[in-house]
Each structure stands twice: as structure tokens, then as C-alpha cells.
Amino acid sequence: MTGLYELVWRVLHALLCLHRTLTYWLRVRFGTWTWIWRRCCRAASAAVLAPLGFTLRKPPAAAGRHRRPPRHPPRGGPGPGAPHPRLRWRADGRSLEKLPVHMGLVVTEEEPETSFSDIASLVVWCMAVGISYISVYDHQGIFKRNNSRLMDEILKQQQELLGLDCSKYSTEFANSNDKDDQVLNCQVAVKVLSPEDGKADIVRAAQEFCQLVAQQQSKSTDLDVQMLDSLLSSNGFPDPDVVLKFGPVESTLGYLPWHIRLTEIISLPSHLNISYEDFFSALRQYAACEQRLGK
């Protein structure tokens, strides 16, 4: 019985090997014929369609005629028919449900990462969308110490980004230490601030109020929000509606602590290489927010 089982197993094994061999032979044979058939079809198609392609091909255009226009405008600026970006910026400002009157730009990054050109671009974009008051602040006082450099960069960016349209934006560079400066009649006002313009102003206001009380011009009970607002008036500057804070620090680092009690604060990673899309996205965020004003 054992020998019979072994014989049957050997027969089945031989049949399996024969089946594999036959399958491989048929696959190779018919696969080769299929490849040959496809090559012949392609050659025949090329032989038939090639004369037709030469017949239908258009003759080359003469030099200087029907020249295809370049796909992109020159690098120097938009093409002759392309709208200037300032038109888009102006339309973007009008499309918002609400636009801030005063925007603060607060840089919390360290000194090696300060970019005058990027801050100047932000200021000019504020002008283009219709923001009237702009304040620039850093906790190290870099921008205020280099006030003239920043203003020169703003004027340069104004010429480059707004072009001929820059004459419509009369810019006033207000110094927070000059009490006689009035910027209410100016279309765009820019102020550069430092930490001395924040808490130090509150100390100065408290000293002035104490002097009024000592001179019997006011009473100690007269001190309220309106009184402190008048003592801390920023030369016609309204309180900031929105602050764009640049940097990883979750703090405004002394930027006008009294004036921002109702201010919307929007954090951005950095002011370096910031794009207009990032700037306008922050404006859309401000326009969509609901300010309850303590209610």
C-alpha cells in the first residue's frame, strides 16, 4: 500500500511539473507574438499618418509678424495691461466689513532679526488699504533710535509699491515727545514708539494729576477713565484698534498698556519676509472678530 501511495505521489508531481513547463512556454510564445504584433501596428500607423502631418503643418511665420507675446511680464513690474497691485490693495480695504483706524506693529523679536524694509512694507500696505494711523514699536527701542532710517525706508517703499499713486498719501511722521504736533488733519500718520512711551507716560500722567490736585484745579475724586484718557492723549492718535504682534513672545512688552485695553491683538510668527497675503489675512481676522467691549 505504501508503494502505491508513493507511485501516485510521483505521478502527480510529474503532472504538476509538466503543467508549469507548458504554461511558461505558452506565455513566452504568445507574449512574443503580441509584442511583434504591436510593433507592426505602430510602424504601420506611423507610415500612414506621417505624410498627413506634413500636409497639415502650417508654414513658419515671417520674422517680426505674429510674434507670440511673452507669457509673463518683465521682472521690473507689471505688464502694460496688468493692473497695479495698489488697485487690488485699495479694493481689499473696501471689501472688509470694518477697517482699523489705528494699527499697531509690535516687534518682539531680538535685535539681529529686525528688518527695516519689512516694517516699511507693512506701513505702506496699511496706507494702501486705507488705515490712517500706524504706530511702530519694539521693546528695545531700535526703531526709535533709528527713526530717520525707518522713515527713509518708508518713503522708499512708498515710491516703489505705490508708484505715481504715492502723491495721494500725505504722510506725517509724528514724534511722541513733541506735544505741539497735531496729526488730525493728516491723511496718514506714522508714529515710532519705545518702552518709554508706555509705562513712563502713565507715571507722567499721574504726576500731572497730582499737580492739578495740589493746585486745587481738580479733586482726587475726579480721576476716572475720561480724565486719564485726556492726560494720556497721544497727540491726536486714537487708541489702537488692532495690534499685529510679531515674534514668539506672548506679550506686547510694554506697548501702550493703557491704550490697548480694548485692542484686538493678532499674533504672527515673524515680520521677516512677511507677504501681503499674511498682512491681509490678519485684517480679515480683525474684520471678522466680534468686539463686545466688556459687554
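General remarks:
- Surface share of carbon and sulfur [accessible, 1.4 angstrom probe, percent] for the stretch 108-147: 41
- Loop-resident sites, the stretch 198-270, for trypsin sites (Lys or Arg not before Pro), counting at most 11 other Cβ within 10 Å (DSSP): 219, 261
- Neighbourhood charge, 13 Å Cβ-Cβ cut-off, centred on residue 266 and excluding it, Lys, Arg +1 and Asp, Glu -1: -2
- Given a 1.4 Å probe and the protein chains as shown, residue 281 ends up with an accessible area of around 50 Å².
- Across 149, 86, 20, the residue with the most accessible area heads the list, and the full order at a 1.4 Å probe is 20, 149, 86.
- Of the residues 156, 144, ranked by 1.4 Å probe accessible area with the largest first, the sequence reads 156, 144.
- Here the accessible area of the stretch 202-295 is 53 percent carbon and sulfur, with a 1.4 angstrom probe and all protein chains present.
- Cα-Cα over 22 Å, subset of 199/245; 98/199; 144/199; 144/245; 98/156; 191/245: 98/199; 98/156
- Accessible surface calculations at 1.4 Å, restricted to protein heavy atoms, place the stretch 209-294 at 56 Å² per residue.
The values are calculated or read from the model by the stated rules, or taken from the named source; none is laboratory data. None of these values were measured; they are calculated from a predicted model. Glycine gets a Cβ as well: all are built from the backbone with ideal geometry, and neighbour counts include every protein chain shown. Side chains included, ligands, DNA and RNA excluded: accessible areas come from the protein's heavy atoms. Shrake-Rupley method; radii C 1.70, N 1.55, O 1.52, S 1.80 Å.
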